[in-house]
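Structure first, then comments.
Values in this text are rule-based calculations from the coordinates and carry no lab data. All values derive from a computational prediction rather than experimental measurement. Ideal geometry is used to build each Cβ from the backbone, glycine not excepted, and the neighbour counts take in all protein chains shown.
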Amino acid sequence: MKSFASDNYAGVVPEVMEVLRHTNDSHARSYGADNYTKVTTDLFRDIFGSNCDVYFVFNGTGANVLSISSATQTFNSVLCSETSHIYCDESSAPETITGCRFFPLPADENGKVTPEVVMDRLIRKGDVHYAQSKLLSITQTTEYGTIYTPSEIRKLADLAHNNGLFLHMDGSRFFNAAASLSCSLAEISSMAGVDILSLGGTKAGMMFGEAVVVFNDKLKEHIAFKHKQVMQLASKTRFISAQFAAMLNNETWRKYALHANKMARMLAEVLSEFSEVKITKPVQANAIFAEIPREWYEPLQEHFPFYVWKDSTHEVRLMCSWDTEEQDIHQFAGAIRNLNNKMLR
């Protein structure tokens, strides 16, 4: 059974599965001192810029915690969207580990934070009674599946830097954004002023693992120690780094991200044929947000799991993955038609 709940539900792309098998053939040095990790790190530098450093971690929460902790002290605050994953969906892990206060910013109708909203929160600098803002975090793609353009990122980066803040990007679906924009990975990160990137691999088709990519030299001094401190230093790092090599070589990531994005557009087109469905957000990557009748929830979820995003308005989130197929979409549409027919009887 295929799912529209999350791209985390999907399996592993063939290229990653093959490299894992190959990586398992022999012994290798531990804790990132292996040749697989060296080669992958060089590949990151070829793609993002020769000055970047890379740290491989187990999961997205770990990537975000490591990124945030490298840029902050316990008396600092983090500015982020009110819908952001680090604020809404990582329990209290970021606050507990970093000791920082998180200030949620109002997002616009497409889930983005704007320079004007950020500027309104840059207050009480130097006031010992107030948690000092040090990091602005944005998500690419946003929690509504929309995309920050390079110029939008640059404006936020310039604002952050001019006010003594770092810019962090939570890139759990970063590959989908780059594929949608038809741009390079660097164009929406290092070249746009991002200081540190949490780069997602699992949702893109890896078995497990994410990466923290550091562009700002000021964040490099202690991050290796933070990597260990936040329990994200894998003894067998090669099984994470080799997966990234498989994704980055020949832009394997782009092939699968383009497919997932295409399936989302197709699903949105099919849903638009039903008068009972209202698409609520622009479909720019691999997510569709739509309001559907409440009575559809259970019968549809029996065969096609999905998440209810906002129950008060019956808004649901439908995610397409690297392995979503056209027949999955047609079957979903068929299930909706069957529901309509039953309601008309």
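Normalised by the number of residues in the range 12-250, the mean separation of alpha-carbon contacts (under 8 Å, six or more apart) gives a relative contact order of 31 percent. With the simple spin-label model, which puts each label point 7 Å out from Cα in the Cβ direction, the Tyr31 to Asn338 separation comes to 5.6 nm.
Considering only Val316, Gln229, Ser189, the residue lying farthest towards the positive end of the dipole of the chain is Gln229, judged by Cα position with unit charges set on Cβ. Calculated on C-alpha atoms, the gyration radius of the chain divided by its Kirkwood radius gives an Rg/Rh of 0.99.
Computed extension gain for Met17 through Asn162, at 0.36 nm per residue and net of the alpha carbon distance, reaches 47.8 nm.
Is there a quick way to get the dipole size of the chain? I mean about its Cα centre, with the Cβ of Lys and Arg at +1 and of Asp and Glu at -1; what is the value in debye to the nearest 20?
Details: 33 positive and 40 negative charges, 105 e Å.
It works out to roughly 500 debye.
Straight-line cross-link partners of Lys310 among the lysines, defined as a Cα under 19 Å from its Cα and at least 8 positions apart when in the same chain: Lys112, Lys278, Lys281. The simple spin-label model puts a point 7 Å past each Cα toward its Cβ; for Ser312 and Arg121 those points are separated by 2.1 nm. The helix-only estimate of mean residue ellipticity at 222 nm for the chain, built from DSSP H runs of length n ≥ 4 each weighted as -39500 (n - 2.57), is -11500 deg cm²/dmol after division by the residue total. Taking each residue as 0.36 nm, the span from Ser92 to Gln331 lengthens on full extension beyond its C-alpha to C-alpha distance by 82.2 nm.
If you rank Met231, Met206 by fewest surrounding Cβ atoms within 10 Å, what's the result?
Taking fewest neighbouring Cβ atoms as first place, the list is Met231, Met206.
This ranking places Val54, Val316 by how few other beta-carbon atoms lie within 10 Å of each, fewest first, which gives Val54, Val316.
So how tilted is helix 14-23 from the main axis of the chain? Cα-based, degrees 0 to 90, rounded to 10. That works out to roughly 40 degrees.
Would you mind giving the three semi-axes, in whole Å and largest first, of the ellipsoid equivalent to the range 155-199 according to its Cα gyration tensor?
One finds semi-axes of 20, 11, 7 Å for the range 155-199.
If you bin all the Cα-Cα distances of the range 252-344 at 5 Å, starting from zero, the percentages per bin are 3, 14, 25, 27, 19, 8, 4, 1, 0, 0.
Subtracting the Cα-Cα distance from 0.36 nm times the residue separation, let me have the gained length for Asp108 to Lys236 in nm, one decimal. Before the final figure, lay out each step's value.
On the way: separation 128, 0.36 × 128 = 46.08 nm, distance 4.17 nm.
Contour length minus Cα-Cα distance gives 41.9 nm.
With the simple spin-label model, which puts each label point 7 Å out from Cα in the Cβ direction, the His129 to Glu187 separation comes to 4.9 nm. The ranking of Val128, Val283 by Cβ neighbour count inside 10 Å, starting from the fewest, reads Val128, Val283.
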